[in-house]
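Presented below is the structure to which this report refers.
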Amino acid sequence: MPVNARGHLVPGKLSPRREVPASIKKPEYVGKPAPTPHTTGDRYDQATVAKIRAASKLAARALELILGSAKPGMTTDDLDRIGHEFLVENGAYPSTLGYRGFPKSICTSLNEVVCHGIPDDTIMRDGDILNVDITAYIDGVHGDTNGSVIIGEGSQEAIDLVERTKEAMHRGIRAALPGREVSVIGRAIESYAKRFGYGVIRDFTGHGVGTSFHTGLIIPHYDAPEYSTVIETGMVFTIEPMITLGSHEWDMWEDGWTVTTKDKSLTAQFEHTIHITEDGPEILTEAK
Ligand code: MF3
Ligand code: CO
Ligand code: CO
């Protein structure tokens, strides 16, 4: 399977844990092995949606800042610092920091890393596909977003993969209409990805998000009719397809987090947090 000039990635060295001022409220799971299960469903009143919209906007602004700063020669830890400082300066807690023991404030996933890459001293090189995933917790709610860019100049197949993964996410979002089952989302995404012979990751999914980081609601990105939850107005969840140049099978590094394609093929991902209205989906993770 084609890779860029780098060859395969190996784990790097982590910087010390970044501090969050005591004035910033932490999610309940920080310092615990796992979050308390979410029991209050996936629909929110307008006041809570307004809070999720604010958290989401902050996450989106952070993502724009980080992806716009990423240059060849920088490390993924440099990006973690930028994201961490931006959120903390704006009064938010970086939701991944201390989530089930995750050690950093963003996820950085390069090339064959599908998701949940840990920022470290890995230097980004020309042609790398970089995905950054960032979640902001503020006012008791989370907003979750991610995006992919190519560092410097990329191969045509990498450029196409990134562009088409973004398009696949938007097709999934447009399918998310009230009254339909959540399975329509993955059907739209996978049928588009299949045109190009791409693989769609199955075992990592979109999810309900809001007063909890992951509520338990699962949004598959592939055609899975058994996910028959009906989409209702007031629901908030993410759509975040991971698409590969090869197969959908994956491996995990010994760090227990970093997911790679099993065949080491390149992969890209995009994510938005959306709110379901009568008129259709509203993207909450917009920077403007
Ligand atoms: N933000 C990721 C998502 O889209 C979750 C990251 S959890 C972490 O669901 F622990 F890996 F950071
Ligand atoms: Co998510
Ligand atoms: Co995310």
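See the values below:
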| item | result |
| --- | --- |
| Sites D203 and E167, calculated FRET efficiency, Cβ-Cβ separation with R0 22 Å, nearest 0.05 | 0.45 |
| Distance violations [Cα-Cα > 29 Å] among K13/K262; K194/K288; K104/K194; K57/K166; K51/K166; K32/K264 | K194/K288; K104/K194; K32/K264 |
| Descending principal axes extents, region 99-192, alpha-carbon based, whole Å | 47, 40, 19 |
| The chain, accessible area per residue, ligands and nucleic acids excluded (1.4 Å, Å²) | 41 |
| Whole-percent carbon and sulfur share, accessible surface of region 14-66, 1.4 Å | 58 |
| Ordering of 49-56, 71-78, 241-248 by burial proxy (mean other Cβ atoms within 10 Å per residue, highest first) | 241-248, 49-56, 71-78 |
| Per-pair calculated FRET efficiency, R0 = 25 Å: S191 and D160 via Cβ, rounded to 0.05 | 0.90 |
| GluC sites (Glu not before Pro) within region 129-233, DSSP loop, no more than 15 other Cβ atoms inside 10 Å | E153, E226, E232 |
| Inter-label distance, nm, simple model (7 Å from Cα along the C-beta direction), E226/R174 | 3.0 |
| Radius ratio Rg over Rh of region 187-244, counting only Cα atoms, Kirkwood formula for Rh | 1.00 |
| Within the accessible area of region 148-288 (1.4 Å probe), percent carbon and sulfur | 46 |
| Pairwise FRET efficiency - T277 versus S69, Cβ, R0 = 30 Å, nearest 0.05 | 0.35 |
| Portion, in percent, of the accessible area of region 83-126 that falls on carbon or sulfur, probe 1.4 Å | 46 |
| Label point distance in nm, D251-T36, each placed 7 Å from Cα along Cα→Cβ | 4.0 |
| R43 paired with I218, simple spin-label distance in nm, labels 7 Å along Cα-to-beta-carbon | 2.3 |
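The values are calculated or read from the model by the stated rules, or taken from the named source; none is laboratory data. Please read these numbers as outputs of a predicted model, since none were measured by experiment. As a convention, Cβ positions derive from the backbone with ideal geometry for all residues, glycine included, and neighbour counts pool all protein chains shown. For the accessible areas, the whole protein counts, side chains as well, though only heavy atoms, and no ligand, DNA or RNA atoms are used. Shrake-Rupley method; radii C 1.70, N 1.55, O 1.52, S 1.80 Å.
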